[in-house]
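Undergrad: Quick one: the structure is below, questions incoming.
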Amino acid sequence: MDGYDKTEEKIPVFLINGFLEAGKTQFLQFTMSQEYFQTEGKTLLIVCEEGDTEYDEALLKKTQTSVVYMEDLEEMTPERLTELELLNDPERVLIEWNGMWDQNALKLPADWEVFQQVTVLDGSTLNLYIANMKPLLGNMLRDSELVICNRCDDVPDDMLTSYRRTIRAMCQNGQLVLEDKEGEIVQEMLEEDLPFDVHADVIQIEPRDFGIWYFDCMDVRERYEGKTVDFTGMVLKSPGFPKNYFVPGRMAMTCCEADMTFIGYVCKAREAKDLETGKWVHVRAKVAYEFWQDYGEEGPVLYAESVEPAQKIEGYVQF
């Protein structure tokens, strides 16, 4: 977690979420003990569920941290939080969120602002939560800057690959770290596991495989840079784009039908000026990696060799 210089306008909130026994308390205690996270002022720690791990009293005293336990979501009102601010005069607030509470229900006082959000997941049980509580998981992941999936020691590679795909779909702008007892796991989909041939002169992306290609192209630059891809997508244009650019992509369901998002990469094409948002096109394009403002970093940019009208693909990408 990043350090923070307090301003007069807002109290920074560090929101740590995840399901029970995922390791949130351990993560917070480790972070609070690090030199980079020290501050001269007081810290207010709001704990919304109690697991087996207790906070170290000596650490709390050393870091001038006051702990308040919230047992009911109805207590987490802006008025109650303002009372705690007046009582504790914190320079910052840490919230250990209850994973069974809908994070959309979190309402902060006007002078509080989420500065950083981290999600901690238990890899040994994550498949159960994906199968049964995907909307709750999606709400936790959506705005997370960092996702730590720990306890992955006995998780097979194919399930880790599935975890990565699911988490990246729900948390497209966050950093994902997979961990076992030895530390971070460097894991990516093997070429032989991909449903298309990355060594073909033209990599054919079938509609059912668009999501796999989208995330693999983002993660494994060396597989696609300079290669030609061929796929069908829906046109998205923005007034902020140069006239020769558009995004061919697909609607994707990240956790439920109410939580749909458009995924795709910017494409430069001479045909772009004549395209309409919502129309479907068949694209053949060469993949480059360049800085693009909407990415905030270098990412895939497509240079079209051809863009032709295409039939609509029914359904959406699922993860």
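Undergrad: How much length would be gained if the chain were fully extended between Ser306 and Asp274, taking 0.36 nm per residue of separation minus their Cα-Cα distance, in nm to one decimal? Don't skip to the end; give the middle numbers.
TA: Values: separation 32, 0.36 × 32 = 11.52 nm, distance 1.34 nm.
Stretched fully, the Ser306-Asp274 segment lengthens by 10.2 nm.
Undergrad: Right, another one. Write down the accessible area per residue of the stretch 109-239 in Å², having rolled a 1.4 Å probe over the full set of protein chains.
TA: Working: 6190 Å² over 131 residues.
On a per-residue basis, 47 Å².
Undergrad: Something else: Using every alpha carbon pair in the stretch 39-115, what percent of pairs falls into each 10 Å bin from 0 up to the bin containing the largest distance?
TA: The calculated distribution, bin by bin, is 17, 54, 28, 2.
Undergrad: Considering the Cα trace of the stretch 134-273, what is its radius of gyration and what is Dmax, both in angstroms?
TA: 16.5, 53
Undergrad: For the chain, modelled as a GNM with alpha-carbon contacts under 10 angstrom, which of Gln26, Gln117, Gln103 fluctuates the most?
TA: Looking only at Gln26, Gln117, Gln103, the largest GNM fluctuation is found for Gln26.
Undergrad: Quick check: from the Cα gyration tensor, does the stretch 263-319 come out rounded (a/c under 1.5), prolate or oblate? Spell out each step's value before the answer.
TA: Numbers: a/c = 1.97, a/b = 1.28, b/c = 1.53.
The shape class here is oblate.
Undergrad: With Cβ to Cβ distances under 9 Å as the rule, what net charge do the other residues near Trp112 carry (K, R +1; D, E -1)? All intermediate terms of the calculation are to be shown ahead of the outcome.
TA: Numbers: positive: Lys10; negative: Glu85, Asp111, Glu113.
Charge balance in the 9 Å sphere: -2.
Undergrad: Local charge sum around Lys42 (other residues, Cβ-Cβ under 10 Å, Lys/Arg +1, Asp/Glu -1)? Numbers along the way, then the final one.
TA: Working: positive: Arg92; negative: Glu40, Asp89, Glu91.
Net charge in that neighbourhood comes out at -2.
Undergrad: I've got another one for you. Whole number in Å², please: accessible area per residue of the stretch 11-89, 1.4 Å probe, ligands, DNA and RNA not counted.
TA: Values: 4230 Å² over 79 residues.
Heavy-atom SASA per residue in the stretch 11-89 reads 54 Å².
Undergrad: Under a 10 Å cutoff between Cα atoms, tell me which one of Met140, Met170, Met100 has the largest fluctuation in the Gaussian network model of the chain.
TA: It is Met100.
Undergrad: Give the long-range amide H neighbours of Ser306: residues separated by 5 or more places, or on another chain, with amide H under 5 Å away, using H modelled in the peptide plane at 1.01 Å from N.
TA: Residues meeting the criterion, in which the H sits 1.01 Å from N, are Arg284.
Undergrad: Continuing with the same structure: Tally up the carbon and sulfur contribution to the accessible surface of the chain as a whole percent, 1.4 Å probe, everything protein left in place.
TA: Numbers: 7440 of 16310 Å².
Carbon with sulfur: 46 percent of the solvent-accessible area.
Undergrad: For labels at Asp72 and Thr125 in the simple 7 Å Cα→Cβ model, what's the distance in nm?
TA: Each label point lies 7 Å from its Cα, and together they span 2.5 nm.
Undergrad: Shape verdict for the stretch 205-319, please, from the Cα gyration tensor: rounded (a/c under 1.5), prolate (a/b greater than b/c) or oblate. If you can, show how the numbers build up before the last one.
TA: Numbers: a/c = 1.33, a/b = 1.10, b/c = 1.21.
Judged from the Cα gyration tensor, the stretch 205-319 comes out rounded (a/c under 1.5).
Undergrad: Sticking with this one: Among DSSP beta bridges lying fully in the chain, give the percent that are antiparallel, nearest 5. Before the final figure, lay out each step's value.
TA: Details: 31 of 68 bridges.
Of those bridges, close to 45 percent are antiparallel.
Undergrad: Let me ask something additional. Can you give me the relative contact order of the stretch 237-319 as a percent, contacts being Cα pairs under 8 Å and 6 or more apart? It would help to have the intermediate numbers written out before the result.
TA: Details: 145 pairs, mean separation 25.0, N = 83.
Over the stretch 237-319, the number comes to 30 percent.
Undergrad: Take the chain, connect every pair of alpha-carbon atoms lying under 10 Å apart with a spring to form a Gaussian network, then pick out the residue of Ser306, Ser238, Ser124 with the largest mean-square fluctuation.
TA: Comparing Ser306, Ser238, Ser124 in the GNM, the peak value goes to Ser238.
Undergrad: Kindly rank 242-250, 195-203 from highest to lowest mean number of other beta carbons found within 10 Å of each residue.
TA: Values: 242-250: 18.8, 195-203: 12.4.
In descending order of packing, they fall as 242-250, 195-203.
Undergrad: Note down the net charge around Lys227, summing +1 for each Lys or Arg and -1 for each Asp or Glu among other residues with Cβ under 11 Å from its Cβ.
TA: Working: positive: Arg221, Arg223, Lys286; negative: Asp197, Asp201, Glu222, Glu225, Asp230.
Local net charge: -2.
Undergrad: On a straight-distance basis, which lysines could pair with Lys181 in a cross-link, Cα separation under 18 angstrom, same-chain partners fewer than 8 positions away excluded?
TA: Lys24
The values are calculated or read from the model by the stated rules, or taken from the named source; none is laboratory data. These figures come from a predicted structure and were not determined experimentally. So basically every Cβ, Gly included, is an ideal-geometry build from the backbone, and we count neighbours across all protein chains shown. Please note that ligands, DNA and RNA were not included when accessible areas were found on the heavy atoms of the full protein model with its side chains. Shrake-Rupley method; radii C 1.70, N 1.55, O 1.52, S 1.80 Å.
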